[in-house]
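The values are calculated or read from the model by the stated rules, or taken from the named source; none is laboratory data. Predicted, not measured: the structure shown is a model, and the values here were computed from it. No Cβ is skipped: glycine too gets one built from the backbone with ideal geometry, and neighbour counts run over all protein chains shown. Side chains included, ligands, DNA and RNA excluded: accessible areas come from the protein's heavy atoms. Shrake-Rupley method; radii C 1.70, N 1.55, O 1.52, S 1.80 Å.
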Amino acid sequence: MASVESKLRNLLALAQTVLDEIPVGLLVLSARGTPLWFNREAELVCAVWNNTPLRRDALPLKRSDFVVPEALWKECQALLAEDASGIHPEPRILSEPERGLHALIRIQPRADRRGPPACFLQLDYRRPRGDRERPLSPSALSLMSRLTFREREVALRVRDGLTTLEISRELRRSPLTIKTQMAGILRKLGVDNRSRVAALLNR
């Protein structure tokens, strides 16, 4: 019995790791609005939706510290009200295109049909990248030639103002790897902080 429980725990831990790596926010809310489960991308999207500073570490957020955006919870309440009145609610889409925020919200009934349903949200943050299409100047291109391909990928995102955690998520590398590559970029460009990197590449 203990062996089965151990295997199940290991499987759940593996599933959590996989779900943390996908670039889609997943969030499950109780009928009272309590977060039952979320992945790290959901942390990011909800932080943006709430206009709160993005975390610069890679530590998972405690469930009690997770703040559900009011706009999302209002849509969940509307779906829950429809479900309670006997109407089978259709999934809802909520978007703030100017901020790159999108959510698909639907009701997830209990497997045994007992008790209140849960709300399942798929969240997407397509960060506006207006500057990304702007070509690099000759001096910036010269600086970029000093970097490896992977360092250039990081440097371009520093130029766009992304944090270490955002770069980590976008490039699907660990924050430690990004920090290591950032150290190489600083050394090769002869500067001591990322603001100077952005300034040099935006000239």
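Within segment 10-36, which residues are of a type in the set (D, E, K, R) and either open to solvent by less than 60 Å² (accessible area, probe 1.4 Å) or modelled with pLDDT of 75 or more (or both)? If you could, list the steps in order and put the result at the bottom.
Within segment 10-36, the subset of a type in the set (D, E, K, R) is 20-21, 32.
Asp20, Arg32 - these are the residues of segment 10-36 that are of a type in the set (D, E, K, R) and either open to solvent by less than 60 Å² (accessible area, probe 1.4 Å) or modelled with pLDDT of 75 or more (or both).
For segment 93-112, which positions are assigned to a loop (DSSP other than H, G, I, E, B) and within 20 Å of Pro35 (Cα to Cα)?
Taking segment 93-112 and keeping what is assigned to a loop (DSSP other than H, G, I, E, B), we get 100, 109-112.
Result: Pro109, Arg110, Ala111.
Give me the residue from segment 37-92 that is part of a helix (DSSP H, G or I), modelled with pLDDT under 85 and open to solvent by 50 Å² or more (accessible area, probe 1.4 Å) and, out of that set, nearest to Ala13 (Cα to Cα). Only one residue tops the list, namely Arg40.
Evaluating Ser6 against the criteria (1) surrounded by 10 or more Cβ atoms within 10 Å (Cβ to Cβ); (2) farther than 13 Å from Arg169 by Cα; (3) modelled with pLDDT of 75 or more leaves one unmet condition, (3). Restricting attention to segment 137-185, and to residues there that are open to solvent by less than 40 Å² (accessible area, probe 1.4 Å) and in contact (Cβ under 8 Å) with a residue 60 or more places away in the chain, which single residue is farthest from the chain's Cα centre (by Cα)? Taking the candidates together, the pick is Ser137. The helices (runs of 4 or more DSSP H) falling completely within segment 121-178 that include 1 or more residues that are modelled with pLDDT of 90 or more and more than 29 Å from Ile105 (Cα to Cα) map to 149-159. Scanning segment 93-110 for residues that are aliphatic (A, V, I, L, M) and either open to solvent by 50 Å² or more (accessible area, probe 1.4 Å) or more than 17 Å from Leu26 (Cα to Cα) (or both) returns Ile93, Leu104. Does Gly115 qualify as being surrounded by 15 or more Cβ atoms within 10 Å (Cβ to Cβ), out of contact with any Asp or Glu (no Cβ under 7 Å at 6 or more places or on another chain), within 22 Å of Leu27 (Cβ to Cβ) and at pLDDT below 85? No. Of all residues in segment 186-197, those being within 19 Å of Thr148 (Cβ to Cβ), out of contact with any Leu (no Cβ under 9 Å at 6 or more places or on another chain) and either open to solvent by less than 40 Å² (accessible area, probe 1.4 Å) or in a helix (DSSP H, G or I) (or both) number 2.
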